[in-house]
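Remarks on the structure that follows.
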Amino acid sequence: MPKVVVSGLGFICPIGNDQETVTQSLRELRHGLSVYPRFEAPNIPVRVAGLVKDFVTDSPEPEDWKYPAMYKLRREVLRGFAPHVLYGYCALTQAIADAKLTPDDISNLDTGLFTASAGSSMLTYYNLGRMEKNGVARSTPMGVVSSVVGTLSYNLVAAFKVLGSSCGFASACASSGHALGFAWEEIASGRQKRMLVVGGEDGNLETILPFAAMRALSLNPNPDTASRPFDVARDGFVGAGGAVAMVLETEEEAVRRGAPVYCEMPGWGMASDGYNVAISHPEGSGLVQAMKLALRRSNLQPGDVDYINAHATSTPIGDTSEIRALKTVFGTNDAESPAISSTKALTGHGLSLASILEAGICALSIKHGFMPGSAHIQNLDPEAAGLNIIRTTVNERPQVVLSNSSGFGGANVALVFKAV
């Protein structure tokens with residue numbers, strides 16, 4: 001079975017729009033959260049979001065958008081985009097350059113593309129309203145491909161002329177974890193030599209605010225403390241947007257081109273809670289199985305893991321569920337526990353984007369030799385006693401890293417990354 005490695009990364013996210021900025025933000029525990037002007041209304045109880053900087057995409061008309069001049073897009077390509085597709089295009093452009101890929105490396109039967117997103121609520125709402133008001137004849141012909149769940153996949157496959165496997169994944173907050181896991185399967189099985197994986201979310205009012213009706217969002221108006229996983233006073237997650245791209249390929253291919261190798265991805269696991277449509281199992285049963293499967297597939301034991309990037313979104317129920325799952329797999333002796341943190345304290349919760357953003361963070365941690373702390377904890381939840389929740393950055397290189405993600409319906413994914 002070929003060894004699967006990470007050879008390229010691209011970031012457009014609240015803590016930076018390039019790898020260097022993201023790495024520095026993680027080291028310094030510098031968050032990317034702010035008061036969102038569109039939330040400043042009497043009937044909106046939420047105030048804070050994780051916004052992408054240097055992009056202006058609030059308009060439903062792509063021609064009105066502003067984005068860094070370094071990214072060149074033709075009008076006929078841009079008109080089929082949603083905001084997160086633009087972010088994804090830019091992140092994938094970065095990752096392709098980082099991996100030293102040429103157009104011929106990408107556009108062949110050995111290279112595929114998997115994506116993860118929930119579509120664009122903003123454009124769905126806008127296009128349906130426009131059609132109802134003005135009629136079909138005056139509606140945009142790109143209304144479907146720019147807004148439905150598969151928009152990230154359709155647009156990027158066409159824009160980058162991908163000929164290999166392609167598919168979009170939609171499993172809520174586990175989406176991009178599934179995309180990475182099944183991309184690993186494509187390479188490990190020999191069906192593809194290389195997979196491009198992209199996850200993205202618009203991260204605007206239309207994407208985030210509906211979660212307020214579920215009582216899932218933080219009502220804390222202070223960006224410095226609104227997202228605080230594992231803190232006893234956490235009161236919900238902070239929604240975020242952006243996109244992250246990752247290149248997975250065989251080690252042989254990466255070495256052949258002289259590409260950077262961030263780490264190996266030796267395996268992954270997934271399992272379901274079978275419990276509730278929106279709430280994690282109280283004991284994290286599905287996540288326990290996903291972690292065990294990931295370690296078994298990677299030929300590793302719990303004691304081999306140095307760092308865990310937790311899913312922990314800063315919700316009271318979700319964080320507790322994961323804490324219990326971690327104790328089941330790794331025990332309750334904090335002296336022997338791997339270092340654990342949730343970087344959602346810095347980035348916010350990117351929904352479909354979350355898993356690949358955190359996988360990218362794990363790759364950076366291994367490559368650059370550090371483990372980012374879990375920021376904003378003032379009073380650690382007593383439930384977490386016995387786990388090594390790190391609150392400051394540890395400047396040591398982890399050899400084995402585990403990244404967890406959980407989504408609606410109790411979908412759980414665990415990804416393993418390993419130093420090479």
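Brief remarks follow.
- Gaussian network model of the chain, Cα within-10 Å springs - most flexible of Val48, Val162, Val238: Val162
- Between region 194-248 and region 1-53, the C-alpha centres lie 9 angstrom from each other.
- P(r) of region 190-306 over all Cα-Cα pairs, binned every 5 Å from zero, in whole percent: 2, 8, 11, 12, 16, 18, 14, 10, 6, 2, 0
- Accessible area of Lys367 in the full protein assembly, 1.4 Å probe (Å², nearest 10): 90 Å²
- Peptide ranges 306-318, 371-383 listed from the most packed, as the mean C-beta count within 10 angstrom indicates: 306-318, 371-383
- A straight Cα-to-Cα reach below 27 Å connects Lys418 with the lysines Lys3, Lys100, Lys193, Lys292, Lys327, Lys344, Lys367, residues fewer than 8 places away in its own chain not being considered.
- Taking Leu295, Leu128, Leu217 in turn, the Gaussian network model of the chain (Cα-Cα springs below 10 Å) assigns the largest fluctuation to Leu128.
- Mean separation of Cα contacts under 8 Å, 6 or more apart, over the residue count of the chain: relative contact order %: 23 percent
- Using a probe of 1.4 angstrom and keeping all protein chains present, the accessible surface of the chain works out to 38 square angstrom per residue.
- Solvent-accessible area, 1.4 Å probe, carbon plus sulfur percent, for region 279-420: 46 percent
- Percent carbon-and-sulfur accessible area, region 144-254, ignoring ligands, DNA and RNA, probe 1.4 Å: 59 percent
- Order by protection proxy (mean Cβ within 10 Å, highest first), peptides 276-287, 78-89, 58-69, 325-336: 78-89, 276-287, 325-336, 58-69
- Anisotropy class assigned to region 4-418 is oblate, per the alpha carbon gyration tensor with a/c at or over the 1.5 cut-off and a/b no larger than b/c.
- Between the alpha-carbon centres of region 286-315 and region 393-420 there is a gap of 6 Å.
- Additional length obtainable on full extension of the chain from Asn134 to Tyr71, 0.36 nm per residue less Cα span: 19.3 nm
The values are calculated or read from the model by the stated rules, or taken from the named source; none is laboratory data. Not measured: the values here are computed from a predicted model. Every residue, glycine as well, gets a Cβ built from its backbone with ideal geometry; the counts of neighbours run over all protein chains shown. Quick note on the areas: whole protein, heavy atoms, side chains included, nothing else; ligands and nucleic acids left out. Shrake-Rupley method; radii C 1.70, N 1.55, O 1.52, S 1.80 Å.
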